[in-house]
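The values are calculated or read from the model by the stated rules, or taken from the named source; none is laboratory data. As the structure is a computational prediction, the values presented were derived from the model and not from experiment. Neighbour counts run over all protein chains shown; Cβ positions are idealised from the backbone, glycine included. Note: areas computed on protein heavy atoms with side chains; ligands, DNA, RNA excluded. Shrake-Rupley method; radii C 1.70, N 1.55, O 1.52, S 1.80 Å.
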Amino acid sequence: LKSTGSAFEGFIRDEYTTLVEVSDRILSTSVDLEYRFAPVSIPVPTDEKLLQFSIPQSINGSVWTWDAVGVAERARISTLELFATDESASVQATLFKMGERIIAENAGVEEVTYKLPNKHYIPVDMKYLGVDNLTPAKAEVFVPVAAPSGLISATITRKQT
């Protein structure tokens, strides 16, 4: 949950649009992240027992070592940092930045997929107390919406050279 620094405005509206445009809103989701390593060609061992593999030290000219634990740690840090600090124009924009950073920081990662389901919160009507809690800039008390609100999903891939 991110309580500020997320907007959703200037989007195309039609008769099915239900969201109100806001310049600062609660951004709440759960994060599902998958990434795929680039395929690596490993030559057949030439020793008698066929046990000594030669692992390549570069992919597409970039130094690379198999570092699954390091990739997982960097992916987690990238996701948390960008989610928390990005002045988000939308969930989609932040999702793209997170995937782009994971690819940039990990030479062996070829593809990143995020799934971020929307979890909307709406302001509570407090007019009965004489409090304006419905004007977006004044809203401070929110309630989660139980109804499904959509799934934001994207796959970001490394440019092929």
ask   = Considering the values [x] 13.4; [y] 9.2; [z] 11.3, which represents mean projected area of the Cα convex hull in nm² as calculated for the structure under consideration?
value = [x]
inquiry  = Angle check, please: helix 91-105 long axis (alpha carbons) against the longest principal axis of the chain (alpha carbons), in degrees 0 to 90, nearest 10.
reply    = 20 degrees
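How much accessible area per residue does the chain have, counting only protein heavy atoms and a probe of 1.4 Å, in square angstrom?
Values: 10840 Å² over 161 residues.
For the chain, the per-residue accessible area is 67 Å².
Among the trypsin sites (Lys or Arg not before Pro) within segment 65-161, which fall in a DSSP loop and have no more than 11 other Cβ atoms within 10 Å of their own Cβ?
Values: sites: 74, 76, 97, 101, 115, 119, 127, 138, 158, 159; in loops: 119, 138, 158, 159.
Here the trypsin sites (Lys or Arg not before Pro) that fit, given the DSSP loop and packing criteria, are 138, 159.
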key: Distant-in-sequence amide H partners of residue 90 (H built 1.01 Å from N, under 5 Å)   = 7
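Would you calculate, for the chain, the mean residue ellipticity at 222 nm contributed by helices, counting each DSSP H stretch of 4 or more residues as -39,500 (n - 2.57) and dividing by all residues, to the nearest 500? Working shown, then result.
Details: 2 runs with 33 residues, N = 161.
After summing the helix terms and dividing by residue count, I get -7000 deg cm²/dmol.
Could you pull out the longest piece of the chain with no exposed loop chymotrypsin sites (Phe, Trp or Tyr not before Pro) in it, calling a site exposed if DSSP puts it outside H, G, I, E, B and it has at most 16 other Cβ atoms within 10 Å? Intermediate values should be presented prior to the final figure.
Working: sites that count: 11, 16, 53, 66.
My reading of the result: 67-161 is the longest stretch.
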inquiry  = Just to make sure I understand: if all protein chains stay in place, what is the order of 98, 126 by accessible area at 1.4 Å, largest first?
reply    = 126, 98
note = Relative contact order of segment 1-160 (C-alpha contacts under 8 Å, at least 6 apart) in percent is 25 percent
remark   = Non-local residues with an amide H under 5 Å from the amide H of residue 110, with H modelled 1.01 Å from N and Pro and chain starts lacking one, are 36, 37, 38
Cα long-axis angle, helix 68-85 against the chain (0 to 90 degrees, to the nearest 10) = 20 degrees
query = If we count GluC sites (Glu not before Pro) as exposed when they sit in a DSSP loop and have at most 16 other beta carbons within 10 Å, what is the longest stretch of the chain that avoids them all?
reply = 88-139
task = First measure r as the distance between the Cβ atoms of residue 21 and residue 72, then evaluate 1/(1 + (r/R0)^6) with R0 = 30 Å and state the FRET efficiency to the nearest 0.05.
result = 0.20
